[in-house]
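Engineer: One structure, as structure tokens, below. Some questions next.
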Amino acid sequence: MYDIIKHRRWYYIFSTLIIVPGLLIMLYSMLTIGTPFRLSIDFTGGSLWELRFSEPVAPGEMVEFFHSQGISDANVHTIGDENTLVIRTKEITPEEKVALMSAMEKQFGEKPEELQFRAVGPTVGKEVTRTAFIAVIMASLVILGFIIWAFRQVDHPFRYGVSAIIAMIHDVLVASAFFSLMGFISGWEVDALFLTALLTVIGFSVQDTIVVFDRIRENSRRRKGESFEVIANRSLLETVQRSVATQINAMFVMIALLLFGGVTIRQFIATMFIGMLSGTYSSIFIATPLLVSWQNHEGVFGWFHRDKKKSQSKKAATA
């Protein structure tokens with residue numbers, strides 16, 4: 001039987017090597033621009049521009065047009081029909097608007113009809129962000145409470161709940177680190193869809209972990225003569241195929257969306273893809289190994305206790 005749990009320290013090191021650079025990039029961004037991520041107009045406000053063309057224009061084409069004009073934060077979607085586009089972007093001056101209209105005429109072969117142009121405030125302000133943060137905390141507490149109740153018949157159910165929450169935080173940090181890195185490299189900016197992606201990652205993160213923990217609970221009853229580490233490893237091997245197969249199905253869909261879904265949802269899908277990839281990894285290589293480390297009083301959960309045992313054994317040996 002292959003021993004996954006045996007190499008748990010390497011999994012912790014691997015996750016640290018992914019998360020810490022992302023946190024450092026977020027810290028650098030915090031020091032340079034005042035926020036851990038580059039913020040889109042959903043957070044900062046800007047201009048709303050509604051245009052109508054005689055022929056359909058894809059939102060992705062309009063986003064690429066704005067990119068070519070040096071505006072990287074354009075958010076474009078259709079309204080009513082495929083001929084009418086609503087564009088949210090940074091604040092545009094009257095001179096910039098005239099230049100953009102002329103460039104559109106050259107790019108698309110016609111000068112679009114301007115239905116409206118006005119300044120808009122941020123749609124996702126500090127209050128919404130704070131509410132989302134509180135929602136994540138409340139969801140974590142509810143998940144913790146549910147796992148403690150569901151695993152109340154095993155030893156130390158609190159450890160199961162905390163291990164699942166740590167794995168969930170791990171996935172959020174990985175997704176955030178990825179987005180921060182892409183913001184540093186490619187200028188990605190946080191919008192409302194980023195919060196949606198993180199909340200979706202949280203939902204997916206816990207489900208596989210609970211499946212593994214449930215198998216550990218079942219095997220603990222059946223195989224009372226085995227050590228907890230052996231039981232946990234056996235449970236992982238029995239559930240890993242199901243966990244990987246379930247996530248791969250969703251990942252194939254997201255890869256297709258990344259390739260053919262258009263520019264407007266690319267950042268959202270990419271963040272979800274990285275988050276789900278991390279969720280698959282954490283349910284196998286983080287949550288259960290953490291539980292084993294805690295049960296064995298090792299690592300961050302029990303250095304003092306383990307050192308105390310060592311000192312006691314040394315005293316007994318010297319005596």
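The values are calculated or read from the model by the stated rules, or taken from the named source; none is laboratory data. Predicted, not measured: the structure shown is a model, and the values here were computed from it. We place every Cβ from the backbone using ideal geometry, glycine too, and count neighbours over all the protein chains shown.
Engineer: With the structure loaded, tell me whether PHE204 is within 29 Å of ILE134 (Cβ to Cβ) and either modelled with pLDDT of 85 or more or not assigned by TED's automatic domain parsing to the domain that holds GLN153 (or both) or whether it fails that test.
Structural biologist: Values: within 29 Å of ILE134 (Cβ to Cβ): yes; either modelled with pLDDT of 85 or more or not assigned by TED's automatic domain parsing to the domain that holds GLN153 (or both): no.
In short, no.
Engineer: Determine which single condition PRO56 fails, assuming it passes every other condition in (1) closer than 20 Å to GLN107 by Cβ; (2) surrounded by 14 or more Cβ atoms within 10 Å (Cβ to Cβ); (3) at pLDDT below 90.
Structural biologist: Single failed check for PRO56: (2).
Engineer: Looking at (1) of a type outside the set (Lys, Arg); (2) within 26 Å of LEU31 (Cβ to Cβ); (3) modelled with pLDDT of 85 or more, can you tell me which one VAL230 breaks?
Structural biologist: For VAL230, the exception is condition (2).
Engineer: Here's a follow-up. Do you know which residues across segment 109-119 are closer than 26 Å to SER40 by Cα and surrounded by 13 or more Cβ atoms within 10 Å (Cβ to Cβ)?
Structural biologist: The answer is PRO112, LEU115, PHE117.
Engineer: Right, another one. For segment 236-247, check the following and say yes or no: at least one residue is at pLDDT 90 or above, buried (at least 17 other Cβ atoms within 10 Å of the Cβ) and in a helix (DSSP H, G or I).
Structural biologist: Yes, the conditions are met somewhere in segment 236-247.
Engineer: To continue, here is another question. Going through ILE71, ILE33 one at a time, which residue ends up being touching a Leu at 6+ places or on another chain (Cβ under 9 Å) and at pLDDT 85 or above? I'd like the intermediate steps shown before the answer.
Structural biologist: Details: ILE33 fails: at pLDDT 85 or above.
Of the residues listed, the single one that is touching a Leu at 6+ places or on another chain (Cβ under 9 Å) and at pLDDT 85 or above is ILE71.
Engineer: Output the number of residues of segment 252-280 satisfying the condition of being touching a residue at least 12 places away in the same chain (Cβ under 8 Å), under 21 Å from VAL240 (Cβ atoms) and aromatic (Phe, Trp, Tyr).
Structural biologist: 1
Engineer: Could I ask something else about it? Restricting to segment 191-207, name every residue that is more than 11 Å from MET168 (Cβ to Cβ) and in a helix (DSSP H, G or I).
Structural biologist: Those that are more than 11 Å from MET168 (Cβ to Cβ) and in a helix (DSSP H, G or I): ALA192, LEU193, PHE194, LEU195, THR196, ALA197, LEU199, THR200.
Engineer: Filter segment 75-91 down to the residues that are over 17 Å from GLU64 (Cα atoms) and either assigned to a loop (DSSP other than H, G, I, E, B) or not assigned by TED's automatic domain parsing to the domain that holds GLU55 (or both), then identify the one that is nearest to the chain's Cα centre (by Cα).
Structural biologist: Here the answer is GLU91.
Engineer: Ok, one more. Applying the selection to segment 160-190, what residues are among the charged types (D, E, K, R) and outside any helix (DSSP H, G or I)? Before the answer, list the steps.
Structural biologist: The first filter runs over segment 160-190 and keeps only residues among the charged types (D, E, K, R), leaving 171, 189.
Passing the criteria: only GLU189.
Engineer: Ok, one more. If you scan segment 208-235, which residues turn out to be farther than 30 Å from ILE274 by Cβ, free of Cβ contacts under 8 Å to residues at least 40 places away in the same chain and in a helix (DSSP H, G or I)?
Structural biologist: GLU218, ASN219, ARG221, ARG222, VAL230, ILE231
Engineer: Also, I was wondering about something else. Going through segment 130-159 one residue at a time, which ones are surrounded by 14 or more Cβ atoms within 10 Å (Cβ to Cβ) and part of a helix (DSSP H, G or I)?
Structural biologist: Result: ALA132, VAL136, ALA139, SER140, ILE143, LEU144, PHE146, ILE147, ILE148, ALA150, PRO157, ARG159.
Engineer: If you don't mind, there's one more thing I want to ask. Can you tell me which of VAL20, VAL63 is in a helix (DSSP H, G or I), within 27 Å of PHE194 (Cβ to Cβ) and assigned by TED's automatic domain parsing to the domain that holds PHE194?
Structural biologist: Only one candidate qualifies: VAL20.
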